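To start, the structure under review is shown below, and the notes come after it.
The values are calculated or read from the model by the stated rules, or taken from the named source; none is laboratory data. Predicted, not measured: the structure shown is a model, and the values here were computed from it. With ideal geometry, Cβ positions are generated from the backbone for all residues, glycine too; neighbour counts draw on all protein chains shown.
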């Protein structure tokens, strides 16, 4: 059976990925596609347990290298248990974040650098890459303002503006280095204008 199609959604806090993921899935289903949707960290029983540790504000002392390895531990479980079987069966996989998030958050935000992330990625993913990555780019102040209305912040959401500026810059560097895979979406607009950008990106992809 034809290999499936792997779509990832990336971006900083408050970029509106969750809203657009629902619209992407509906659009794909409307075109007769079989879809599996997931998120990172998470998506399996083990990965969701790791997610709880990573987001818990009581774990402020978690060091950057441990954080990176935990992210990839959760990712490894998700890939083996969910993503690869779905792709092998010809399914479209839509994931809220994937390995690019580690380049942004641990490589950029935590200052570990891209090479450290690349080395772990090489071991865990063995070359697996999304077919399309939608980067929802938003000014940090606007994204944080949106998050502030959600309630109590998790361990990442509680980070500083400078941290998220590094995250945003790392994401944009990844997009510039991988123009064939990335589409940068202006997420500062309202839901409908953002969806129009997303839909155009989807319609441009052969096989979707």
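Odds and ends about this structure:
- Within segment 37-46, considering residues that are in contact (Cβ under 8 Å) with a residue 12 or more places away in the chain and over 21 Å from residue 12 (Cβ atoms), the one surrounded by the most Cβ atoms within 10 Å (Cβ to Cβ): 44
- Residue within segment 148-167 that is in a helix (DSSP H, G or I) and within 30 Å of residue 84 (Cβ to Cβ) present: yes
- Screening segment 115-144 for residues that are surrounded by fewer than 21 Cβ atoms within 10 Å (Cβ to Cβ) and closer than 19 Å to residue 156 by Cβ and picking the one that is modelled with the lowest pLDDT gives 144.
- Given (1) closer than 16 Å to residue 10 by Cα; (2) in contact with a helix residue (DSSP H, G or I) (Cβ under 9 Å, 6 or more places away or on another chain); (3) without any contact (Cβ under 8 Å) to a residue 60 or more places away in the chain, index of the condition residue 197 fails: (2)
- None of 100, 88, 26 is exposed (fewer than 15 other Cβ atoms within 10 Å of the Cβ) and in contact (Cβ under 8 Å) with a residue 24 or more places away in the chain except 88.
- Of the residues 172, 128, 208, the single one that is under 17 Å from the mean Cα position of the chain (by Cα) and within 20 Å of residue 92 (Cβ to Cβ) is 128.
- Output for segment 145-169, where each listed residue is exposed (fewer than 15 other Cβ atoms within 10 Å of the Cβ), at pLDDT below 95 and either within 17 Å of the chain's Cα centre (by Cα) or within 24 Å of residue 114 (Cβ to Cβ) (or both): 160, 161
- Condition met for residue 179 (in contact with a strand residue (DSSP E or B) (Cβ under 9 Å, 6 or more places away or on another chain), surrounded by fewer than 14 Cβ atoms within 10 Å (Cβ to Cβ), modelled with pLDDT of 95 or more and under 26 Å from residue 28 (Cβ atoms)): no
- Within segment 124-147, the set of residues being within 27 Å of residue 81 (Cβ to Cβ) and either touching a residue at least 12 places away in the same chain (Cβ under 8 Å) or part of a strand (DSSP E or B) (or both) comprises 124, 125, 128, 129, 130, 131, 132, 133, 134, 135, 136.
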